[in-house]
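> Next up is a structure, given as structure tokens.
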Amino acid sequence: MMRHLSLAAAVLFAVASFSCGSRTEEGSPPPAPSAPRAGAITEPRVLEQVDPDFSEATSRFLANPNAKLTVVFHIAVRQDGTMRTVEVVRAEPADLPVAKTFAEEVAASMPKWRFRPAMLDGKPVDAEFDFTLEAQGGLEGE
């Protein structure tokens, strides 16, 4: 049985880590920050998110106020603000099967999300970036 629960009720915060081009390998140091410059790309922003239908197991887990999950997604957003692709990079704690399930359930809803696209010189552009979602339990069903 799938339960439709508000993702916002479970999410402490989501952080978009924007990068143009390919992702760095896990364990690699992040690129050095650079000063803003003419022609810099602004990162996409979530405008509308669609809540996932969580499985009963995920719902039970998220009902626990001590439950904590972190998921990193790599997503590509088109210049019109629609999602081109979504990939689960990692779900933590990695040894907890419900973390992977949670990640897959959220990923399944993400193609319905809408974004303000990345901008380059005031014009929308296609972009890829990593999006970190940190969830805290204590959900109430709707």
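Computed from the coordinates by the stated procedures, all read-outs in this text should not be read as laboratory data. All values reported here derive from a predicted model rather than from experimental measurement. Here the Cβ positions follow ideal geometry from the backbone for every residue, glycine too, while neighbour counts run over all protein chains shown.
> Scan around Gly138 for amide H atoms under 5 Å from its own, H built in the peptide plane at 1.01 Å from N, and keep only partners 5 or more places away or cross-chain.
Placed amide hydrogens put Ala63, Asn64, Ala67 under 5 Å from Gly138.
> With each label point set 7 Å from Cα along the Cα-Cβ vector, what nm distance links Met83 and Val50?
Each label point is offset 7 Å from its Cα along the Cβ direction, giving 0.9 nm.
> Among the lysines, which fall within straight-line cross-link reach of Lys100, defined as a Cα-Cα distance under 29 Å, with same-chain neighbours fewer than 8 residues apart omitted?
Lys68, Lys112
> Further question: Put a dot 7 Å past each Cα toward the Cβ at Arg60 and Glu92; how far apart are the dots in nm?
Label-label distance for Glu92 and Arg60, simple model: 2.6 nm.
> Another question, if that's okay. What nm value, rounded to one decimal, do you get for the distance between Val125 and Ala76 when each label is placed 7 Å out toward the C-beta?
1.6 nm
> A further question on this structure: Hey, can you grab everything whose amide H is under 5 Å from the amide H of Val89? Only 5+ residues off in sequence or another chain; H modelled, so Pro and N-termini drop out.
Val72, Phe73, His74
> Turning to a different aspect of this structure: Along region 90-105, what does the Karplus equation 6.51 cos²θ - 1.76 cosθ + 1.60 (θ = phi - 60°) give for ³J(HN,Hα), rounded to whole Hz, x for Gly and Pro?
7, 10, 10, x, 4, 8, 10, x, 5, 5, 5, 4, 4, 4, 5, 5
> What is the set of long-range amide H partners of Gln79 at a cut-off below 5 Å, with H atoms built 1.01 Å from backbone N?
Hits under the 5 Å cutoff: Asp126.
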